[in-house]
Amino acid sequence: MTAIAMTPSRAEVRASSIFVALLRRDMRVARRELPFFLLRTTLQPLMFVAVFGYLLPRMGFMGRGYTTALLPGVLAISLTFSSIQSVALPMVQDFGWTKEIEDRLLAPVPIVLVAAEKIASGVLQGIVSALFVLPVARLIMGPIPNLTFAHFGDVLLITILGAAAFSSLGLFLGTAIQPQQIGLMFGVILAPMIFFGCAYYPWQGLSTVPLMKYAVLINPLVYVAEGMRASLTPAAPHMPLMVVIVALIAITAIFWMLGMRSFLKRAVG
């Protein structure tokens, strides 16, 4: 009976150990490619910061107060790019070209645990990207009105929830899109998401266009950008933080289920 009683716990430890080993392997690969990862995921947001947060305000074409709305949005975009790409692109390659996913599926763990490890890897890489962009963007822009780090715990919470939401979305896109259609993800999905995600302007500013104000609520980027504003610039207009948290949890759950279903379909198909 003792041996029987110990079997489940041994299996549980073995599964968790394999999960950690898979995660450590992905983190080692990401660490080796860190410069390229940061270049790929942060170059566009930082270029936007340099133009709209530094050059145009000093040329007098844009008010200096615009940086208050811009910084949180840039963090949200960086988080979006890094979390989606770090999961979707490897999934497209593993299922399409390299077939590396077959080695992972042979691991003595449930298939859903392999998918969950990919999401966890995307969350960690999203956090790294956001934490890299925050000080660099602040350095480029200079003093930012209403910026405060008094609620850094809220910033970290929004970063984790946002990274989880977009990593889950990346799992879904990476397993639902064929390799030859990967360009579709950037042109048809990511580009509209960024431009209509309230990253470059606050959601409250859309009150002048009521139809657009409520139409953009289907965009998960809206909640990350507004959550960053509520945490970093609480004195500026922003969506209530509790609404943002509930929305991100719901979005994560939806894309988690869709991503897992799509992953299982590709894995056993």
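Every read-out reported here was derived from the displayed coordinates using simple, explicitly stated rules and does not represent laboratory data. All figures in this text were calculated on a predicted structure; none of them were measured in a lab. Backbone-built Cβ (ideal geometry, glycine too); neighbour counts: all protein chains shown.
Once phi is turned into θ = phi - 60°, what whole-Hz ³J(HN,Hα) does the Karplus curve with 6.51, -1.76 and 1.60 give for every residue of the range 186-200, x standing for Gly and Pro?
Karplus-based 3J(HN,Hα) across the range 186-200 equals 7, x, 9, 9, 6, 4, x, 4, 6, 5, 10, x, 6, 7, 9 Hz.
To test your reading of the geometry: what angle, between 0 and 90 degrees and rounded to tens, separates the Cα axis of helix 2-32 from the longest principal axis of the chain?
Once rounded, the angle reads 40 degrees.
Considering the options A115, S262, T42, tell which one lies farthest towards the positive end of the dipole of the range 2-268, charges being +1 on Lys and Arg and -1 on Asp and Glu at the Cβ, about the Cα centre.
Most positive-ward Cα: T42.
Give me the percent of Cα-Cα pairs in the chain that sit more than 29 Å apart, rounded to a whole number.
That fraction is 35 percent.
I'd like the orientation of helix 220-232 relative to the chain: the angle between its Cα long axis and the longest Cα principal axis, in ° from 0 to 90, rounded to 10.
It is inclined by approximately 60 degrees.
In which sequence would I160, I254, I144 go, from the one with the fewest C-beta neighbours within 10 Å to the one with the most?
In order of increasing Cβ crowding within 10 Å: I254, I160, I144.
Tell me the relative contact order for the chain as a rounded percent, counting alpha carbon contacts under 8 Å between residues six or more apart.
That works out to 25 percent.
I111 to Y214: FRET efficiency via 1/(1 + (r/R0)^6), r the Cβ-Cβ distance, R0 51 Å, to the nearest 0.05?
Once rounded, the FRET efficiency stands at 0.85.
Mind sorting M193, M62, M212, M91 by how few other Cβ atoms lie within 10 Å of their own Cβ, fewest first?
M212, M62, M193, M91
Using helices alone, I'd like the mean residue ellipticity at 222 nm for the chain: each DSSP H run of four-plus residues gives -39500 (n - 2.57), total over residue count, nearest 500.
Taking each H run of at least 4 residues, the total per residue is -24500 deg cm²/dmol.
In a shell of Cβ-Cβ distance under 12 Å around L71, excluding L71 itself, what net charge do Lys and Arg (+1) and Asp and Glu (-1) give?
Computed value for this residue: +2.
Please build a GNM for the chain, connecting alpha carbons under 10 Å apart, and tell me which residue among A30, A76, A164 fluctuates the most.
Looking only at A30, A76, A164, the largest GNM fluctuation is found for A30.
What is the dipole size for the chain, taken about its Cα centre, with +1 at each Lys and Arg Cβ and -1 at each Asp and Glu Cβ, in debye to the nearest 20?
220 debye
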